[in-house]
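Single-structure report; data block below.
The values are calculated or read from the model by the stated rules, or taken from the named source; none is laboratory data. It should be emphasised that the depicted structure is a prediction, and the values quoted were computed from it without experimental measurement. For neighbour counting, all protein chains shown are included, and Cβ atoms are generated from backbone atoms with ideal geometry for every residue, glycine included.
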Amino acid sequence: MGTILIRGIRQLLTLRGTRGPRRGADQRELGVISEGSLLIRDGVITQVGPTRRVENLAEARGALEINAYGRVVMPGFVDSHTHLLSARNEEHTLRTTTAKVIQAKATAHLESMARHGTTTVGVQTGFTPDERAERKAVRVLSALQGKPLDLVPAFQFQVSGEDAQGIIRGFLAKFRDHITFADLVWTAAPADEPLLAHFLEAARSFGFSSRIHVMAESPSTAITMALTHSVCGITHLEHAIPAEVARLSGSGMVATLLPCESFSHGEPAAPARALIDGGVPVALATNFDPGHMQTLSMQSVMTIACKRMGLSPEEAITATTINGAHAAGCAHRAGSLEAGKPADLVILNVSHYADIANHFGVNLVHQTMKRGEFIYQEGKVAQEVRLSRGERRSA
């Protein structure tokens, strides 16, 4: 692949810092280098620093130069929570649609995500207790891995009328080599609590990290179970109250919030400001779903989080990069720009990172790079439009 020098960057957001997820005031630290440059060799970052230093290094000689003059460069977005393959609550989609069709549709969605600057995607399966359908989902995700984005698969357990305990043990045992997380969809029914606890215990016994998805109007019991079972993340929390937020402080859990979900349904937003001020690490994700939530732009997620949830641009950038990577369990290889990590980054058509939050429905991505290769580059609008029968006219 050779050596690449990205030089003359107006603002280089490295997100370098502590090893764990950012919390509190640290969520505003972006590791900004003004007039910075990156040196990349064979897809891996080797040098990050001021342009005057990096471009004069011996290893920069003969490198392919990419001029990012006047632009912001930052880590690629990590969208840690999506339903890429099938709409929620539509079990028949996976059961009746061929793997080829599912893969083709998912590829189109991933390519659109790449155009909007996402380089790593968390994907939930577990839409159905049908083992054949789940095997199909796993095959599709395996075929899509790295083409062009990295995927982080998770099995999402939802209580059903089937043999739930058999499903838990059977699915976790059969798919543990293919999924990263064992996620639990919380139900507010007290009668379900023993089964939910059983799932978390079984997941731990199989070596999985777990996360809980809490959409209930009273998340207190779910938070208690999350703390009891030491889950690594909790999602949604639109209905959390200050007392419940306080219980999460110091737990180590990453709270993944989904701004587009509440925005699109006209519902109250999750208490992002209270979570951050209380020392809880916050990540942001799209909750993309081809049937119900078709937003796949993390730029839009950032804007809504800033305008509606009270995040600063710095906090929103952290939440969509390094904290998103921690939420997806891949912070060792994604979410920041530093030596030794794959070169997953975006070059943006803004000169100051705060401008990202001031655009809504606008794609600011000039180029998206994955592992040192540009997988998307902004192009010109066509000057001619082809009509039927070979006719042409000026656009």
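Points worth noting:
- From the options I317, I322, I276, residue that is farther than 30 Å from T125 by Cβ, hydrophobic (A, V, I, L, M, F, W, C) and assigned by TED's automatic domain parsing to the domain that holds Q103: I276
- Among (1) at pLDDT 90 or above; (2) small (G, A, S); (3) more than 15 Å from the chain's Cα centre (by Cα) - the single one A243 does not satisfy: (1)
- Scan the stretch 175-197 for residues that are of a type outside the set (G, A, S) and loosely packed, with under 15 Cβ neighbours inside 10 Å and the total you get is 4.
A quick yes/no check of all residues on (1) of a type in the set (A, V, I, L, M, F, W, C); (2) part of a loop (DSSP other than H, G, I, E, B); (3) surrounded by 24 or more Cβ atoms within 10 Å (Cβ to Cβ):
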position: E267; (1), (2), (3): no, yes, no
position: R273; (1), (2), (3): no, no, no
position: G279; (1), (2), (3): no, yes, no
position: T286; (1), (2), (3): no, yes, yes
position: C330; (1), (2), (3): yes, yes, no
position: V346; (1), (2), (3): yes, no, yes
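- Any chance A316 is at pLDDT 95 or above, surrounded by 24 or more Cβ atoms within 10 Å (Cβ to Cβ), touching a Cys at 6+ places or on another chain (Cβ under 6 Å) and not in a loop (DSSP other than H, G, I, E, B): yes
- Those residues of the stretch 20-56 which are in contact with a helix residue (DSSP H, G or I) (Cβ under 8 Å, 6 or more places away or on another chain), in a strand (DSSP E or B) and closer than 20 Å to R10 by Cβ, in sequence order: V32, E35, G36, S37, L38, L39, Q47, V48
- If the condition is being of a type in the set (S, T, N, Q), farther than 16 Å from A354 by Cα and touching a residue at least 60 places away in the same chain (Cβ under 8 Å), then the stretch 1-44 contributes only T3.
- Within the stretch 107-129, considering residues that are closer than 15 Å to V140 by Cα and either part of a helix (DSSP H, G or I) or among the small types (G, A, S) (or both), the one modelled with the lowest pLDDT: G126
- Checking each residue in the stretch 111-152 for being in contact with a Ser or Thr (Cβ under 8 Å, 6 or more places away or on another chain) and among the small types (G, A, S) picks out A114, G117, G122, A137.
- Residue within the stretch 89-106 that is surrounded by fewer than 15 Cβ atoms within 10 Å (Cβ to Cβ), modelled with pLDDT under 95 and in a loop (DSSP other than H, G, I, E, B) present: yes
- Test: residue in the stretch 68-80 that is outside any helix (DSSP H, G or I), over 14 Å from the mean Cα position of the chain (by Cα) and free of Cβ contacts under 8 Å to residues at least 60 places away in the same chain: no
- All of (1) over 26 Å from the mean Cα position of the chain (by Cα); (2) crowded, with 18+ Cβ neighbours inside 10 Å hold for L57 with one exception: (2).
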